[in-house]
Amino acid sequence: MLDKTYDAQAVEARIYDAWEQSGAFECGRSDGRPYTIVIPPPNVTGSLHIGHALNNTLQDILCRFERMRGRDVLWQPGMDHAGIATQMVVERQLAEQGIKRRDIGRDDFVRRVWEWKAQSGGRITTQLRRLGASCDWRRERFTMDDGLSRAVLKVFVRLHKEGLIYRDKRLVNWDPKLRTAISDLEVENREVDGQLWYFRYPLADDPSRHVVVATTRPETMLGDTAVAVHPEDERYRDIVGRDVLLPLADRRIPVVADEHSDPEKGSGAVKITPAHDFNDFEVGRRHDLPMINILDADANLNDAVPEPYRGLERYEARKRVVADMEALGLLEKVETQRHAVPYGDRGGVPIEPWLTDQWYVDAATLARPAIDAVERGAISFVPRTWEKTYFEWMRNIEPWCISRQLWWGHQIPAWYGPDGTVFVEEDEAQAQEAAQAHYGRDVELVRDEDVLDTWFSSALWPFSTLGWPDRTPELARYYKTDVLVTGFDIIFFWVARMVMMGIHLMEEVPFHTVYVHALVRDEKGQKMSKSKGNVMDPLDLVESYGADAVRFTLTAMAAQGRDIKLSEQRIEGYRNFGTKLWNAARFAEMNGCLPVAGWQPAAATTTLNRWIVDRLAAVAADVTEALEAYRFNDAALATYQFTWGTFCDWYLELAKPVLNGEDGPEKAETQACCAWALGQILHLLQPLMPFVAEELWARLYRPILQEEGWLMHRAWPDAAALPRAPQAAAELDWVIALIGEVRALRAEMNVPAAARIDMIVNGADAQRQDWLTRHDEAIRRLARLEQVTTDGPVPSGAAQLVLGEVTVVLPLANVIDLEQEKRRLGKQLDKLGGDIAKIEGKLGNASFLSRAPEHVVEEQREQREQAQATVARLRQALARLG
RNA sequence: GGGCGAUUAGCUCAGUUGGUAGAGCGUUCCGUUCACAUCGGAGAGGUCACUGGUUCGAGUCCAGUAUCGCCCACCA
């Protein structure tokens, strides 16, 4: 016998272990078409946050759904080595012991990162298990493991030989805290209150005149190599081509005319620092200006600046420059201004545009077929609106800077000869060979120190995890994958790059569908992130309410294209739903509603049983359709409402008289049907609330059916194969409406809940009389009635209600307030009168009649008739009150 | 500055092809009926942000306005 309440904590861990140990999640069944999802690999440093919980719940739902539909499901798990994040974690740990990365050297450091990974990395995979994720853990991969590293090298070498990877010296986003380049995507612009300084630059040949330039970054003036004005700016026309004397540095720099200069901004003249500003870099190229790099890797001023400034930290230098300019009388004014400052998203300090040699991917070339794939529908986004975002970014894509000055990551397979010639090969031996061929002798080669952007290896994830570059059977079977489930925040970082790499290297898109789910935000609508410290811990919620409840909540809230704000109350509600289901099962168990092997729903004969089969067919169809369309919230809502609102509230209640009654064929059928229906509910719920569904199946079904195996491997309900029963549905709808009306009337009349009263039903036709007889006991029980009769006289002081063609009379002689009852009926008449007037307005409208579709017009006519009939009966009822 | 999205019940949110608004929670009233008080029954509560348009008919389509949010660009 089941306990009174369901103990999720006790059950969930046990079931998960049993699933995993029995190989329940493993791919490879040969009798089904493959269905593949690759997990967005969480960072090895990561722990499960609410966004992961949502992301993986949705993937798990799809996998479990398709598994039950007979597909050979591979949910490919794994983790990302998360270059910067992981290096930071280990560096921080070392710092606690007073050790600096550079003190111990690269090899030792990398060894310690691996040690860290072995000890404390990958906690998230345990947490995903706690959530119920049905990944094939045998196949877990790590972006730094041997196979994937080999794939990375292979791709790098190939793209290099194809000219799609190249080395270039240009401005990059430099994170001076982490001392590495980062990509455009890793830069986060923050609005800050800053100041705008107006400096006077004297003309070289006429120091009495000066040009005023405005800047938010005074320290960079030491690297200025020009002043630009707009070619059509009259104010400055006469000084174009002349020189100004750059103060503090005492250098002559030219005034150039360039469209970049905006006469509306600042003074209209702008200082040009080609080595430290992306726009100025372009201006510098156009005018062939020198580029003076004034910063070192820590963003301190270097030896290119005059002596007093050398070695100063960049913000110290700013103060000094401003003070010195002011002392020289060259500071015209200072304004405060709010402006954006680019920060590194990991390091958290302002980045510097810095001139360095880096490796780049020619993203524009790779993007073309990737754009095409979405345009021609080989890949579609759900919801579709994200395709715009994708196109927008892809069509304006910039070269992707992939080198990072870190130690943790895939070291770039490039070796330099003595004269700087670069040899890109998969290993040193091949590089040597290439060098030999080039130089005609053995030379000393030095390997590039840099590692690759983490996202470079993630871009290969859909095929590298399947064994590429080897032609493995798994690669042949499971690529391309089916659906990629992700948040929109990594469409650029990851999705776009997987598409580019997949098409280029596999000659096939990596997936046909990208499902973009909402982002879970905090109460302020901010994106949750570790750096902001506003993360929620879903594991606490799992501890309190169970994984099923957390999963179901996220699913119910996963409407397309919306942000999710999670509320704990909601989770509590769905925890209660689990309890409700549990108790319904307990009721079934107590009433002998045990599964009957081979029982077919077509065998149902009573209206009640035929009705629940009919309803089940409808909900199974709804849930299936919703999941096929990725409308997860609809799937959750439909199962919830059916289970609670239809099965528990009505089917079980209406079945009680039968189940409490004499043994016989009707009872036996109802017991079997009830068990069957509950079993179907468990099937429908399995993807959403897998633990409680599996537990109930194991406790109540498996032993009796004597079938081995898990619920999660059973066949998904086939809605189309279930018999429908519209007549039974009409009958039960009426009975339910009748009970509802009586209950409402009782409440309104303040009839004590325990009081059993009589009911007279007038005007019922033979069919309805039949229905009343058939469900007599249930109606009396649920509406708390003593006796139900038909076609009786209306006693004085009776409450009356009209339900379609029948008038229901509740004799309440001593309870009822005659005037109140008159008012009540009058109010109903008023409302109906209003409805009728509205309908007649429509039906009296010639263009409505001629233009609205026939069925809409007909519907209106029927509604009018019904309302009019009800009005007539209400009037009679009113008349009877005297 | 460019783009996207949101605005529906006290709160959090659904509402797929246009046909007189729904859920959960909260709230009010009633309830110790033998599955469940993590429950049962009943109710109150919305001029669907605003303005205009298309249409027989608009929460739903179009345009504009307001407010909020996000993404991209912008260190004069």
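The values are calculated or read from the model by the stated rules, or taken from the named source; none is laboratory data. Computed from a predicted model, the values in this text were never measured in an experiment. Glycine also receives a Cβ, built like all others from the backbone with ideal geometry; neighbour counts cover every protein chain displayed.
Search region A:312-358 for residues being within 14 Å of RNA strand B (Cβ to nearest atom) and of a type in the set (K, R), and hand back the single one that is surrounded by the most Cβ atoms within 10 Å (Cβ to Cβ).
Across region A:312-358, the extreme among qualifying residues is A:R318.
Given the conditions (1) at pLDDT below 90; (2) under 27 Å from A:P413 (Cβ atoms), and given that A:V349 satisfies all but one, which numbered condition is not satisfied?
Of (1) at pLDDT below 90; (2) under 27 Å from A:P413 (Cβ atoms), only one is false for A:V349: (2).
With respect to A:P723, determine if the residue is part of a loop (DSSP other than H, G, I, E, B), of a type outside the set (A, V, I, L, M, F, W, C) and closer than 19 Å to A:F647 by Cβ.
yes
Out of the residues in region A:856-877 that are near RNA strand B (Cβ under 9 Å from one of its atoms) and without any contact (Cβ under 8 Å) to a residue 12 or more places away in the chain, which is nearest to A:E819 (Cα to Cα)?
A:E859
Looking at the structure I just gave you, is A:E186 closer than 19 Å to A:R497 by Cα and near RNA strand B (Cβ under 10 Å from one of its atoms)?
Considered against the rule, which asks whether it is closer than 19 Å to A:R497 by Cα and near RNA strand B (Cβ under 10 Å from one of its atoms), A:E186 comes out as yes.
Given the conditions (1) touching a residue at least 60 places away in the same chain (Cβ under 8 Å); (2) part of a helix (DSSP H, G or I); (3) within 16 Å of RNA strand B (Cβ to nearest atom), and given that A:R150 satisfies all but one, which numbered condition is not satisfied?
So the condition that A:R150 fails would be (3).
Can you give me the ranges of the strands (runs of 3 or more DSSP E) entirely in region A:746-855 with at least 3 residues that are of a type in the set (S, T, N, Q) and more than 10 Å from RNA strand B (Cβ to nearest atom)?
A:785-790
Can you name the residue in region A:683-717 that is buried (at least 24 other Cβ atoms within 10 Å of the Cβ) and not in a helix (DSSP H, G or I) and is also farthest from the chain's Cα centre (by Cα) among such residues?
A:Q686
Name the pairs whose Cβ atoms lie under 6 Å apart, with the first residue in region A:207-219 and within 7 Å of RNA strand B (Cβ to nearest atom), the second of a type in the set (A, V, I, L, M, F, W, C), and 6 or more positions between them or separate chains?
A:A214/A:L196; A:T215/A:W197; A:T216/A:L196
Tally up the residues in region A:266-281 that are free of Cβ contacts under 8 Å to residues at least 24 places away in the same chain and either near RNA strand B (Cβ under 7 Å from one of its atoms) or more than 16 Å from A:W354 (Cβ to Cβ) (or both), please.
Count: 1.
Can you give me the number of residues within region A:396-420 that are surrounded by fewer than 17 Cβ atoms within 10 Å (Cβ to Cβ) and within 11 Å of RNA strand B (Cβ to nearest atom)?
2
Cβ-Cβ below 7 Å, separation at least six or inter-chain, first residue in region A:635-655 and on the phi < 0 side of the Ramachandran plot, second in a helix (DSSP H, G or I) and among the acidic types (D, E): which pairs?
A:A638/A:D622
What is the residue count in region A:492-503 for residues that are modelled with pLDDT of 95 or more and surrounded by fewer than 24 Cβ atoms within 10 Å (Cβ to Cβ)?
Of the residues in that region, 1 qualify.
With respect to A:E694, is the statement that it is at pLDDT 95 or above and away from RNA strand B (no atom under 16 Å from the Cβ) true?
Yes, satisfied.
Determine which member of the set A:A672, A:A677 is more than 10 Å from RNA strand B (Cβ to nearest atom), out of contact with any helix residue (DSSP H, G or I) (no Cβ under 6 Å at 6 or more places or on another chain), more than 17 Å from A:H775 (Cα to Cα) and in contact (Cβ under 8 Å) with a residue 12 or more places away in the chain.
Being more than 10 Å from RNA strand B (Cβ to nearest atom), out of contact with any helix residue (DSSP H, G or I) (no Cβ under 6 Å at 6 or more places or on another chain), more than 17 Å from A:H775 (Cα to Cα) and in contact (Cβ under 8 Å) with a residue 12 or more places away in the chain holds for just one of A:A672, A:A677, which is A:A672.
Please give the number of the condition A:Q411 fails out of (1) in contact with a strand residue (DSSP E or B) (Cβ under 8 Å, 6 or more places away or on another chain); (2) closer than 30 Å to A:C27 by Cα; (3) modelled with pLDDT of 95 or more.
It is condition (2) that A:Q411 fails.
A:D489 - would you say it is modelled with pLDDT under 90, surrounded by fewer than 17 Cβ atoms within 10 Å (Cβ to Cβ) and under 27 Å from the mean Cα position of the chain (by Cα)?
Here the answer is yes, as A:D489 does meet what is asked.
Given the criterion surrounded by 19 or more Cβ atoms within 10 Å (Cβ to Cβ), within 13 Å of RNA strand B (Cβ to nearest atom) and either assigned to a helix (DSSP H, G or I) or of a type in the set (S, T, Y) (or both), identify the matching residue among A:W644, A:W650.
Criteria check complete, one pass: A:W650.
Residue by residue through region A:587-608, note down the ones that are in contact with a Phe, Trp or Tyr (Cβ under 9 Å, 6 or more places away or on another chain) and either away from RNA strand B (no atom under 16 Å from the Cβ) or assigned to a helix (DSSP H, G or I) (or both).
Matches in region A:587-608: A:P595, A:V596, A:W599, A:Q600, A:P601, A:A604, A:T607, A:L608.
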